[in-house]
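Structure record follows, encoded as structure tokens.
The values are calculated or read from the model by the stated rules, or taken from the named source; none is laboratory data. Note that the coordinates shown come from a computational prediction; the quantities given were computed from them, not determined experimentally. Cβ coordinates were reconstructed from backbone atoms using ideal geometry, including for glycine residues, and neighbour counts include every protein chain displayed. Just the protein is used for accessible areas: all its heavy atoms, side chains included, with ligands, DNA and RNA removed. Shrake-Rupley method; radii C 1.70, N 1.55, O 1.52, S 1.80 Å.
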Amino acid sequence: MTLMSTTTVARAEETSAPILEVLAARWSPRSYNPAVAIDETALASILEAGRWSPSAMNLQPWRFIVARRGTAEFDSIVANLMGFNQSWTPNAAVLIVNLVETIDADGKPIGTASYDLGQAVAHMSVQAQHEGLYVHQMAGIVADGLREAFSIPENLTALTVSALGTLDTPEALGDEGAIAREKAPRERLALDSILFVNA
């Protein structure tokens, strides 16, 4: 199992009700250690967690492009990220393009596909946290560029990209603004404010 660097700070938060420690500790860093390669056993477990996610009618409308740092595929993904995302993602150990299957084998739209993909990626992020690794999900991607780079068929769409790896210190980001964001407190809406009805 890949372990978190001892130079990083734990980010577990106090929650308003008890939850699993792995959920309380999960957060989305940008500072990854470029000297640490992915633990292949851990990566297999993370992908397996996505495979066993629930989906409507068990359609499993998710597919993944997995690229390790140092490969041409990894560089192609970085090239199809937007703006600031291109500056920190090269240090991640792995980039994963999260693809959603929007049309089934009969040519019918899958209305719950994006929801189901989200569940799969959430399962993967929790498994990553359990493995001592961290995930940062990005919507700032060039979907058409990824389609061209990887010959993605029309029934699949790149929805997000996930960076995966071992934490580095916030200071490794170099930029003061990025360092401040990395250290900023994690915030969530109050539980009562998200309960539209709680009868």
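Residue-wise test of (1) open to solvent by 50 Å² or more (accessible area, probe 1.4 Å); (2) under 23 Å from LYS183 (Cα atoms).
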{"residue": "ALA56", "(1), (2)": "no, no"}
{"residue": "PRO61", "(1), (2)": "no, no"}
{"residue": "SER76", "(1), (2)": "no, no"}
{"residue": "GLY83", "(1), (2)": "yes, yes"}
{"residue": "ALA93", "(1), (2)": "no, yes"}
{"residue": "ALA122", "(1), (2)": "no, yes"}
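Output the number of residues of the range 11-23 satisfying the condition of being among the hydrophobic types (A, V, I, L, M, F, W, C) and either open to solvent by less than 40 Å² (accessible area, probe 1.4 Å) or in contact with a strand residue (DSSP E or B) (Cβ under 8 Å, 6 or more places away or on another chain) (or both).
Total meeting the criteria: 1.
Any residue in the range 160-168 that is in contact (Cβ under 8 Å) with a residue 60 or more places away in the chain, in contact with a His (Cβ under 6 Å, 6 or more places away or on another chain) and either in a loop (DSSP other than H, G, I, E, B) or under 19 Å from THR71 (Cβ atoms) (or both)?
Yes, because at least one residue in the range 160-168 is in contact (Cβ under 8 Å) with a residue 60 or more places away in the chain, in contact with a His (Cβ under 6 Å, 6 or more places away or on another chain) and either in a loop (DSSP other than H, G, I, E, B) or under 19 Å from THR71 (Cβ atoms) (or both).
For the range 101-110, indicate whether the set of residues that are touching a Leu at 6+ places or on another chain (Cβ under 6 Å), open to solvent by 20 Å² or more (accessible area, probe 1.4 Å), within 26 Å of ALA42 (Cα to Cα) and part of a strand (DSSP E or B) is non-empty.
yes
Give me the pairs, please: first residue somewhere in the range 185-196 and free of Cβ contacts under 8 Å to residues at least 40 places away in the same chain and under 11 Å from SER16 (Cα atoms), second residue anywhere and open to solvent by 100 Å² or more (accessible area, probe 1.4 Å) and assigned to a loop (DSSP other than H, G, I, E, B), beta-carbon distance under 8 Å, and either six or more positions apart or on two chains.
Final answer for the pair search is ASP192/ASN198.
Read through the list (1) open to solvent by less than 60 Å² (accessible area, probe 1.4 Å); (2) closer than 17 Å to LEU47 by Cβ; (3) of a type outside the set (D, E, K, R), then give the number of the only condition that HIS130 fails.
Single failed check for HIS130: (1).
Condition check ((1) open to solvent by 50 Å² or more (accessible area, probe 1.4 Å); (2) under 22 Å from GLU171 (Cβ atoms); (3) among the hydrophobic types (A, V, I, L, M, F, W, C); (4) in contact (Cβ under 8 Å) with a residue 24 or more places away in the chain) across all residues:
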site: ALA25; (1), (2), (3), (4): no, yes, yes, yes
site: ALA44; (1), (2), (3), (4): yes, no, yes, no
site: TRP52; (1), (2), (3), (4): yes, no, yes, yes
site: ARG69; (1), (2), (3), (4): yes, yes, no, yes
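Contact list please: Cβ distance under 6 Å, first residue in the range 77-94 and touching a residue at least 60 places away in the same chain (Cβ under 8 Å) and farther than 22 Å from ALA128 by Cα, second residue open to solvent by less than 60 Å² (accessible area, probe 1.4 Å) and in a loop (DSSP other than H, G, I, E, B), pairs at least six apart or on different chains.
Between residues of the range 77-94 that are touching a residue at least 60 places away in the same chain (Cβ under 8 Å) and farther than 22 Å from ALA128 by Cα and residues that are open to solvent by less than 60 Å² (accessible area, probe 1.4 Å) and in a loop (DSSP other than H, G, I, E, B), the close pairs are ASN80/VAL142; MET82/GLY140.
State which residue is farthest from ALA180 (Cα to Cα) when the search covers only the range 27-42 and only residues that are open to solvent by 50 Å² or more (accessible area, probe 1.4 Å) and not hydroxyl-bearing (Ser, Thr, Tyr).
Filtering first and then ranking leaves GLU40.
So which of GLY118, GLY174 is without any contact (Cβ under 8 Å) to a residue 12 or more places away in the chain and buried (at least 17 other Cβ atoms within 10 Å of the Cβ)?
Values: GLY174 fails: buried (at least 17 other Cβ atoms within 10 Å of the Cβ).
Result of the check over GLY118, GLY174: GLY118.
One residue is enough: does the range 95-105 have a residue meeting the conditions more than 16 Å from ASN85 (Cα to Cα), over 10 Å from the mean Cα position of the chain (by Cα) and of a type in the set (Ser, Thr, Tyr)?
yes
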